[in-house]
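Notes to accompany the following structure.
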Amino acid sequence: MEVSLTAGAIGKIMSGEVTTEADMIPVLQVTELKQLKAYQDPTRERFRMGLSDGTHLHQGMLATDLNDLVKQGTLQFGSIVRLTHFGVHVVQTRRIVIVRELEVIKSNSDIIGRSVPGGKHNDQRVADSGVKLNTTGSEQRGSGVSQVNNIETGRSNAAISPQVDQRPVFGTGSSVPASTTPSTRVDSNPSAGHGVPRLDHARDPPTSYPRQPQPPPPMYANRGPVARNEASPRIIPINALSPYSGRWTIKARVTNKAALKQYSNPRGEGKVFNFDLLDADGGEIRVTCFNAVADQFFDQIVVGNLYLISRGSLRPAQKNFNHLPNDYEIMLDNASTIKQCYEEDAAIPRQQFHFCTIGDIESMENNSIIDVIGIVSSISPTVTITRKNGTATPKRSLQLMDMSGRSVEVTMWGNFCNAEGQMLQNLCDSGGFPVLAVKAGRISEFNGKAVSTIGSSQLFIDPDFVEAHKLKDWFEREGKSVPCISLSREFSGSGRVDVRKTISQIKDEKLGTSEKPDWITVSATIIYMKVENFCYTACPIMNGDRPCSKKVTANGDGTWRCEKCDKSVDECDYRYILQLQIQDHTDLTWVTAFQEAGEEIMGISAKDLYYVKYEHNDEEKFEDIIHKVAFTKYIFKLKVKEETFSDEQRVKATVVKVDKLNYSSDTRTILDAIDKLKTGDGSSLSINIKPEGSHYNADAVNTGTGSSGTRDPSSVQRRDFGLHAHQSGQSGNHYSSGSRPHGGDATTTSCNVCGNSGHVSANCPSSTTEPQGQYMGGSYRGTSGSYGGGIPRQHVGSY
Amino acid sequence: MDTSSPAAFVNGALLRRYIGQKVRAVIQVIRSDIGSVIGKSTDDQQIVVKGSPNPPLTTYIEVIGIAETENTIRAEVWTNFGDSFDVQNYNELCKLANGEFRHLFI
């Protein structure tokens, strides 16, 4: 249970606003607990507490009645207490809080926040010593830094400038000369508690704390002179910055530096650059510099270095460009100072991430900025994308997966493609699976959810974070075999990602029926092409860098009119609109191929072909060309979408790209598929029971059965071509569950036992039965239905 | 088509399983002598193919014949497969054809 401290309570106490519980009943945390020897009465103990409200610290004295709480351990260091009865007394300009009654809400708790001792108590009364500012164990947001005991000496530090407060310690190498503090601490010894004023400065060390004066804090030596030159030496956490802060200083590391940009706007020209800072608290803020200031600081700032920055102005952050979790951003001006800290401060991390799991991305809003980390499961080479306005940008995509079992596509633009992209490609090609951390990636809704880099993104390959190591371990153990559901692939990659499907899957998986079109790749053969209307007359007017291509109608006088451009042209373009029937080993379907794909397939431009047929009337040549097209095998990239044609829903497939089949790589793909099939072999999908009456017009098949008992490869071929559409899908586990019985349309053989196609259960390699001779026959015939049902032996005689 | 004695797809390692039987293999020609051709199987083993091929020989050839020893084939049929060939794929094929999916082949 997280109890929150009353913020600002200490501040109010110090300022005098709050003097008793009547004003406020604050909830504070005990960040210090010391036993004092009662001045007056040496036998009685008194406890002195440091009370913190999360940002400020103040001393309080515990009424002796409450001593038992401490002795029993109820009240201890880190306890969260509610002061139900207390008083603030002013003793010699110092305010002491005497606690007469309190409620312990939580005995033991981690220190919340980081407290600065209240700024009023700077009296240099020496007297005491050994004050420890214990802020150990506080959880910093994101940085998990262990605290430093700011050890102060009691006495000698009168030299310190009075105004200096104890600086909050940010890390081990704190830049704060802790020397200032002791005095403050010392002085806040309550004196009014017992009604016996204790003169602070008269207090002797022995009477104060068991822990005696300690040597001056080491950091003092580190930073002393430098710090003193600071105009405002008080370092505050970035998260405490606000436009109303007075003179402030922050100490932080540069996590990102943007380039120096020139701009011109109605007010004139200028240049600007910005950089992001991260401090030990985990606070982040962007700093912007204009014109002269930009010049001044641009060279000074180096990513990864620590700087002390002061005297800038705060203004609200521009959320459009600034994705840091801070409401403000800093603007530096001539009076600002930037000073580099040369010593390392391990407390301030180099980068801070707020990683989300890939599973979270799914539910996040579009265009939100996130950090994500994952294992790169695949990466594709750079492609150049031309935008509508003509500019060409390089783009590279990769799949990132993580422990949530989901994967997402990460797109890199511009420079990232070459730099990090290439590195990742090399790593992946050599078989590795590197960890990639993305900072400030934007979620986009491109084919599901995807993450893109933006100008201020940063990519880290195999970073040295806890999360990265965890991911790597998980991946080694199980991640490799865990099937990752891709957020980006849910709608199938847009063709960049080579989602291989078989044609029957189009129907089985009802591709195209969702809101968005599905993009798939199939390897298939053209078996028929409609000869009529293989092209149309198109508008040649250029629209940007693409021709309009809308259909033009003849005006009768030899000119052609385009509706969209609202113009007439003399010469029209001829563009392909091929209706093709393509088939693979599972199914066949009609697709439409337009100009680009059409040309690839036909091998001749539409215009030429048109001329051949209509102008020259060269039938023979035409036939020739058409014939050449048939039975050629290609890799088709299809866009599948369901469309409504006068009350009827039809799934239409358009050929987006046609590639010649590269047997070598295709074989590899198939080998991969086989491998996956083998490893995924456990789940036996139930089978496509093929009932009677296969509608083969495959006489070929029947003749093929004559060779029952032989493994005749040729009969395998015949099976392919003889099959009709509507085959129930292949049920490889690899694919979707095509286990729908199609009435009367028996075709593929799928094994009952293991769900693979190509054999029946009796022949199933995973079963122990000997493949019988009827294997071939049984599978083809299918007529007497139940070959799926595992009784193939019946068929032996049925040929 | 004569299917009376099917030839098993072999690479170097699998050849020894079929000694005395008909095999087929794709070999990369290293050296060609009178009466024999020294070649490299798809898994980088040296294979000697006895017989006389028809010149010219391309880099990759397929030989079908009887396996005499674990690294010799007496070839009856020689086929040129050209100068570029995906050896890895063929190797995988051999493994699959003799392993899990034997029943599909022989």
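Observations, loosely collected:
- Counting only residues that are hydroxyl-bearing (Ser, Thr, Tyr) and open to solvent by 30 Å² or more (accessible area, probe 1.4 Å), the range A:261-291 holds 2 of them.
- Identification of strands (runs of 3 or more DSSP E) wholly contained in the range A:494-555 with 2 or more residues that are open to solvent by less than 40 Å² (accessible area, probe 1.4 Å) and modelled with pLDDT of 80 or more yields A:518-529, A:535-538.
- Within the range A:560-574, the only residue that satisfies the criterion of being hydroxyl-bearing (Ser, Thr, Tyr) and either open to solvent by 50 Å² or more (accessible area, probe 1.4 Å) or within 15 Å of A:Asn543 (Cα to Cα) (or both) is A:Ser568.
- Within the range B:1-42, the set of residues being within 14 Å of chain A (Cβ to nearest Cβ), assigned to a strand (DSSP E or B) and aliphatic (A, V, I, L, M) comprises B:Ala8, B:Val26.
- Residue, least open to solvent (accessible area, probe 1.4 Å), within the range B:57-106, restricted to residues that are of a type in the set (Ser, Thr, Tyr) and within 12 Å of chain A (Cβ to nearest Cβ): B:Tyr90
- Of the residues A:Val435, A:Val408, the single one that is within 12 Å of the chain's Cα centre (by Cα) and modelled with pLDDT of 80 or more is A:Val408.
- The residues in the range A:372-402 that are surrounded by fewer than 19 Cβ atoms within 10 Å (Cβ to Cβ), on the phi < 0 side of the Ramachandran plot and not basic (Lys, Arg) can be counted, and the count is 14.
- Number of residues in the range A:555-584 that are small (Gly, Ala, Ser) and touching a strand residue (DSSP E or B) at 6+ places or on another chain (Cβ under 6 Å) equals 1.
- Only residues that are crowded, with 19+ Cβ neighbours inside 10 Å and not aliphatic (A, V, I, L, M) were counted in the range A:403-418, giving 6.
- Hey, A:Glu17 acidic (Asp, Glu), assigned to a strand (DSSP E or B) and open to solvent by 20 Å² or more (accessible area, probe 1.4 Å) or not: no
- Test: residue in the range A:257-273 that is touching a strand residue (DSSP E or B) at 6+ places or on another chain (Cβ under 7 Å) and touching a residue at least 60 places away in the same chain (Cβ under 8 Å): yes
- Hey, B:Asn54 within 14 Å of chain A (Cβ to nearest Cβ) and not in a strand (DSSP E or B) or not: no
- Residues of the range A:331-368 satisfying the condition of being surrounded by 17 or more Cβ atoms within 10 Å (Cβ to Cβ), under 30 Å from A:Asn418 (Cβ atoms) and touching a Leu at 6+ places or on another chain (Cβ under 9 Å): A:Pro349, A:Gln351, A:Gln352, A:Ile358, A:Ile361
The values are calculated or read from the model by the stated rules, or taken from the named source; none is laboratory data. Only a predicted model underlies this, so the values are computations on that prediction, with no experimental measurement involved. With ideal geometry, Cβ positions are generated from the backbone for all residues, glycine too; neighbour counts draw on all protein chains shown. These accessible areas exclude ligands, DNA and RNA; they are computed on the full protein's heavy atoms, side chains included. Shrake-Rupley method; radii C 1.70, N 1.55, O 1.52, S 1.80 Å.
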